[in-house]
Structures are given as structure tokens and as C-alpha cells.
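Peer 1: There's a structure below that I have some questions on.
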């Protein structure tokens, strides 16, 4: 949790927060998707929250660096996703509604590997393999739409 969100939570408690986020659709030459596995066990696209004052493209580049240890060239917007499928209630009672901008991105430098203590594994997956993976409802909804 960022310092910004921590500060908001101190003021609003567990109430619903609208969270602007970004995610990267990175594919290899075989069309497989790059996914990262969070320490909680769920697979997801590389990405995360947009910090106050940060451009979404810069947030995406930062998140790919932090989570997957790669520098990316951020390309076109693939889509923007939100709505009821993107509402989450956490075990601690916090509620969030995500609005996610997904960009195509290409690895410019680096080999994908876990880049911080939030990510435990990196993998490349074909579309038919993705359905078998453990992931949050918003991630699954996004991947089905891509």
C-alpha cells in the first residue's frame, strides 16, 4: 500500500476508494502473455496504482521495473476497464473500485524476474493456460477482454 493510499485509509477507514491503475499487456513472439505472481498467490498483469501527479505511462514503466525487473516501451492503450467486476473487498474490510488502463508494452531491456518483495514468480502463458491460474476477478475479467 502506498503512503498516499495509507493516508486516505486513515481518513476514510474501510470505505470504498476509487483506484486508478495501469497494467501491461506484454506478449512474446509466440503470443504468450507475461504475468507476475503476487506473494498472495494470485497471477496478474504487471502493473499497479497511478500515484498522484504521475502520468499513467510513467506509472506503467515504474511498475514493470519494480515487479518484473524490465524496462518497457509503452505503446498504445488496449482498453480501459472498470465497473462491478472491478470492485474488491479485502480481508481487512477495505473496499476498492479499480479503473484500469491496459497498455501494450514491449520489453526494451532486461530479463523478466521478480523485482520486489511483492512478486514471487514470473511466467509466460498461452491464453488457454490462463484460465487454470489463480487470479483475482478483476484480472480474469481484463484478460478475457484482451
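Peer 1: Output the residues belonging to the range 130-146 that are loosely packed, with under 14 Cβ neighbours inside 10 Å and touching a residue at least 24 places away in the same chain (Cβ under 8 Å).
Peer 2: 134, 137, 145
Peer 1: Then there's this: How about the range 10-117: which strands (runs of 3 or more DSSP E) wholly inside it have at least 3 residues that are under 18 Å from residue 142 (Cβ atoms) and touching a residue at least 24 places away in the same chain (Cβ under 8 Å)?
Peer 2: So the answer is 16-26, 33-38, 47-49, 71-81, 95-109.
Conditions tested, residue by residue: (1) farther than 28 Å from residue 3 by Cβ; (2) surrounded by fewer than 17 Cβ atoms within 10 Å (Cβ to Cβ); (3) at pLDDT 95 or above; (4) in contact with a strand residue (DSSP E or B) (Cβ under 6 Å, 6 or more places away or on another chain).
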| residue | (1), (2), (3), (4) |
| --- | --- |
| 72 | no, no, yes, yes |
| 76 | yes, yes, yes, yes |
| 103 | no, no, yes, yes |
| 116 | no, yes, no, no |
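Peer 1: Please specify each residue of the range 88-97 satisfying the condition of being touching a strand residue (DSSP E or B) at 6+ places or on another chain (Cβ under 6 Å) and modelled with pLDDT under 95. I'd like the intermediate steps shown before the answer.
Peer 2: We begin by selecting, within the range 88-97, every residue touching a strand residue (DSSP E or B) at 6+ places or on another chain (Cβ under 6 Å); these are 88-89, 95-97.
Passing the criteria: 88, 89.
Peer 1: While we're here: Among the candidates 39, 12, 22, single out the residue that is within 14 Å of the chain's Cα centre (by Cα) and surrounded by fewer than 15 Cβ atoms within 10 Å (Cβ to Cβ).
Peer 2: 39
The values are calculated or read from the model by the stated rules, or taken from the named source; none is laboratory data. Note that the structure is a prediction, hence the values are computed from the model and not measured. Every residue, glycine among them, receives a Cβ derived from its backbone with ideal geometry; neighbour counts consider all protein chains shown.
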